[in-house]
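K.L.:
Please read through the structure below; I'll follow up with questions.
The values are calculated or read from the model by the stated rules, or taken from the named source; none is laboratory data. Because the structure is predicted, anything quoted here is derived from the model rather than measured. No Cβ is skipped: glycine too gets one built from the backbone with ideal geometry, and neighbour counts run over all protein chains shown.
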Amino acid sequence: MASPLISAAELADALGSVTVLDVRYRTGGASGRPEFDAGHVPGAAYVDLDADLAAPPGVGGRHPLPTPADFEAAMRRAGVRDDRPVVVYDDWSGLAAGRAWWLLRYHGHVDVRVLDGAWPAWVESGGVVQAVAVPPEPGDFTARPGAMPVVEADGVPDVPVLVDARAPERYRGETEPIDPVAGHIPGAVNVPTTTNLRADGRFRSPEELRALYAAAGVTGEEDTAVYCGSGVTAVHDVIALELAGIRAALYPGSWSGWITDPRRPVERSTSARP
């Protein structure tokens, strides 16, 4: 299995032979377009997470998956081709870029990687910064959904190992700054996305990640699924698990979709994972 990551040095060497997508974004914040316009990886196309990588909020949560037709159109506008590798990056530790990575993989693109260390790694490495956007040539990407595992709300209670990727205080139900109900899905274990990274903002080694997840009971011996608040940042754990050699499904609706049905159980706890 090819690594889901690419280093800044590797990306610099590959420029001109890959399609680069800039997915800068913050939950609840404004579009990252101004940051893109101020400077980006040469040749990159900006992709708006809310407009291009999600459907409107509803019973599927705050960031439901886009329809295959809408996603295909967005990727073609960004210049994505079926036969050309894609690199995605953001300035949010890969939390937004991971959404583009997962959607492309889910819809059948076989060569997609996330810039390890995100935009800061590019700048720190001395990568060229381009401030003039060049409209991409339209791509020919064809969406073929189903290449990555997913689990929907009805199947979540049957998942043997369910991982909650949110911050510990949100998992425990002590605070909930975004969604109207606090807590977590019963039986879930908590492995926050922040623990996937080293101090320099890059992903931990596969060995470190295997140990990190094993401490929470995630070993890959049983089917595993991941969720977060709205299905975006959970992909960070999916990537970490892939690096550790564990294939995990995504629950796209995540917590914000789970709580749209008041009949679904909610659990709160007073102790965090060690």
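K.L.:
Are any of the residues in segment 206-223 over 22 Å from Glu169 (Cα atoms) and either hydrophobic (A, V, I, L, M, F, W, C) or crowded, with 23+ Cβ neighbours inside 10 Å (or both)?
P.N.:
yes
K.L.:
For residues that are part of a loop (DSSP other than H, G, I, E, B) and acidic (Asp, Glu), tally how many sit in segment 129-185.
P.N.:
6
K.L.:
Something else now. Looking for whichever is closer than 18 Å to Trp102 by Cα and outside the structural domain of Ala54 (by TED's automatic domain parsing) here; the options are Arg204, Arg247, Arg172. Which one fits?
P.N.:
After applying the criteria, what remains is Arg247.
K.L.:
Just to be sure I understand the filter: pairs with C-beta atoms under 7 Å, separated by 6 or more residues or on different chains, first member in segment 60-74 and over 26 Å from Pro262 (Cα atoms), second member surrounded by fewer than 16 Cβ atoms within 10 Å (Cβ to Cβ) and not aliphatic (A, V, I, L, M). Which pairs pass?
P.N.:
Partner pairs satisfying both residue conditions: Pro68/Pro145; Glu72/Thr142.
K.L.:
I'm trying to understand the selection: among the residues of segment 1-53, which are among the aromatic types (Phe, Trp, Tyr), part of a strand (DSSP E or B) and in contact with a Gly (Cβ under 7 Å, 6 or more places away or on another chain)?
P.N.:
None; the set is empty.
K.L.:
Listed residues Gly155, Gly127, Gly187; which is touching a residue at least 60 places away in the same chain (Cβ under 8 Å) and more than 28 Å from Arg84 (Cα to Cα)?
P.N.:
Gly187
A quick yes/no check of all residues on (1) assigned by TED's automatic domain parsing to the domain that holds His109; (2) surrounded by fewer than 21 Cβ atoms within 10 Å (Cβ to Cβ); (3) over 19 Å from Gly79 (Cα atoms):
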{"position": "Glu10", "(1), (2), (3)": "yes, yes, yes"}
{"position": "Ala14", "(1), (2), (3)": "yes, yes, no"}
{"position": "Val20", "(1), (2), (3)": "yes, no, no"}
{"position": "Val23", "(1), (2), (3)": "yes, no, no"}
{"position": "Thr27", "(1), (2), (3)": "yes, yes, yes"}
{"position": "Ser31", "(1), (2), (3)": "yes, yes, yes"}
{"position": "Glu35", "(1), (2), (3)": "yes, yes, yes"}
{"position": "His40", "(1), (2), (3)": "yes, no, no"}
{"position": "Ala44", "(1), (2), (3)": "yes, no, no"}
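K.L.:
Let me ask something else about it. Can we say Val110 is part of a loop (DSSP other than H, G, I, E, B), modelled with pLDDT under 95, surrounded by fewer than 21 Cβ atoms within 10 Å (Cβ to Cβ) and of a type in the set (A, V, I, L, M, F, W, C)?
P.N.:
Criteria not met by Val110.
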